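No lab work stands behind these numbers, since they all come straight from the coordinates. Here the structure is a predicted model, which is why all the values come from computation and not from measurement. Counting neighbours? That spans all protein chains shown, and the Cβs are built from the backbone with ideal geometry, glycine included.
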Amino acid sequence: MMERYRIRRLRAALLALTAAGGLLLTGCSAGDGSNSSNSGGYQADDGSNGKGFPAPGYNNSSGGGTGEQKGTDSDSGDSDSREFAPAPDYLSTFALDVDTASYGYARRTLAEGRLPDPSTVRPEEFVNSFRQDYDRPDGNGFTVTVDGARTDREDWSLVRVGLATRPAEDSGERPPAALTFVIDISGSMGEPGRLDLAKDSLGVMTNRLRDDDSVAIVTFSDEAETVLPMTRLDGNRDEIHDAVDSLEPTDSTNLGAGMETGYETAEEGLREGATNRVVLVSDALANTGDTDADTILERIASERREHGITLFGVGVGSDYGDALMERLADKGDGHTVYVSDEDDARKVFCDDLPRNIDLTARDAKAQIAFDQATVSDFRLIGYDNRQVADEDFRDDRVDGGEIGPGHTVTALYAVRTRPGTSGHLATASVRWLDPKTRAPHEESGRLETGSLHDSLGDASPRFQVTATAAYFADALRDGGGDERWSSLPGAPSLRELGEIAEGLAKETEDGAVRQLAEAIGRADRMTD
């Protein structure tokens, strides 16, 4: 049970400052795309610690503002400082989120020679797109890992809160799934890499799912139609293949009708003891019928409350309604991914299929308590739309996030410690409900100032990947005009960040980190 702190509450406007796939699978025989070569480490620039990140005390003039709050007892008076979380609020509470669509869409946009709109960049989705090194629990629930490293900005550190669920079980051990696919067949889905990829992926998944799983298919363009009611796989795979093969793009996008018909079909095919999930495959560009997001969201919220049906959003297309898809998934107790090619589809619906189907935790929330004796300021990086009132952490009527097996959730904080202090720095707790019994559970972890790594380069490679992803998202949001998007302390330039990512790709032999380095390189060339 986490330590409780009596704190002075600030008004809601200030609290807001605290927060700053097509689909399924296209063949499961390929590996994870990791870079198999390992040429060793890389040479750091002068002033670094040998691992690429600037060492503490090094004046990194390319990193932009520090983000510290002026007027605190530890204020250094830097002219480029910007406001962080307001003292004396030492609690940070948010609903867990495993979305990754923002990072996937940013990669697609950069590959096409464009910088992403800052409003579509959500740092937590960049951070959560990468493999982590957390211990896993034996059963349902979470482990809590809290670690950190000092940056080159005086008294500022990055603190990582890592939450991990048990590994995904073999497909034969999970509960049966009742999946309602809501497929966008509007005219825009005729673009290569949209409906064609969806059909291929659905076809392969039909062969991969178990006999006791069920599938329904709803399509929408200007109107919505149930092409296939909820149907068991056992003995019906040919019928499902025929329904998938019949999908063709036509007309405009009535997303509201698609969601309404999709949830009606899911409700009609509801299976007790199964994971009931709507899988929306769309570019989320609603232009016909009910295009009001709040009305669409109201329907989702009602079905979630009454029947426990969750939503998995799969975004496609170079033009993509990112904001709407994110809101739909949040309201539908689910998560979103973005897929642009067969590799993305393989990862989402082959490698990650069990965790995108099953659930191990409902209404999961995290709360981090910073010790006011050692911490003067802090800022949660991202999770802007997932904030929860501190007093609602243990109110199980308040909505949280739905998490599956094999998932990790990472929250990164910029934390300013008080000069000359030592001891307890923070306690992180996660609370969730058992998906079957709705019984509440909690786990906690602590961090002491003495456990902080002396520099980012001294931290584990996975911590460094986390920091690199967060710095990259921060750089892409720079200039977005939102005061919550203050630059992180100790931020390298994009060129330096790209060199760090290149070195980490070699060290980790991880293809996803290689892709990160390539994306950073593209952004750097566009901003020269």
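The 3J(HN,Hα) values that the Karplus relation (6.51, -1.76, 1.60; θ = phi - 60°) gives for the stretch 338-344 are, in residue order, 10, 10, 10, 7, 5, 5, 4 Hz. Gly and Pro appear as x. Could you pull out the pairs from LYS199/LYS347; LYS365/LYS436; LYS199/LYS436 whose alpha carbons sit more than 23 Å apart here? Over 23 Å apart, Cα to Cα: LYS199/LYS436. Using R0 = 25 Å, the C-beta based FRET efficiency linking HIS307 and ASP117 works out to 0.10. On full extension, the segment bounded by ASP454 and ASP138 gains 110.5 nm, given 0.36 nm per residue less the C-alpha separation.
Of the peptides 500-511, 429-440, 409-420, how do they stack up when ordered by the mean number of other Cβ atoms within 10 Å, highest first? All intermediate terms of the calculation are to be shown ahead of the outcome.
Values: 500-511: 21.2, 429-440: 17.1, 409-420: 22.9.
With the highest mean Cβ count within 10 Å placed first, the list reads 409-420, 500-511, 429-440.
Full extension of the segment from THR250 to ARG210, taken as 0.36 nm per residue of separation minus the current Cα-Cα distance, would add 11.2 nm. Of all aspartates and glutamates in the structure, the ones whose alpha carbon falls short of 18 Å from that of LYS506, not counting any fewer than 8 places away in one chain, are ASP32, ASP45, ASP133, ASP458, GLU496, GLU518. Ordering 90-101, 349-360 by mean Cβ neighbour count within 10 Å, with the highest value first, yields 90-101, 349-360. Relative protection proxy for 125-134, 309-318, 268-277, from highest mean packing down: 309-318, 125-134, 268-277 (other beta-carbon atoms within 10 angstrom).
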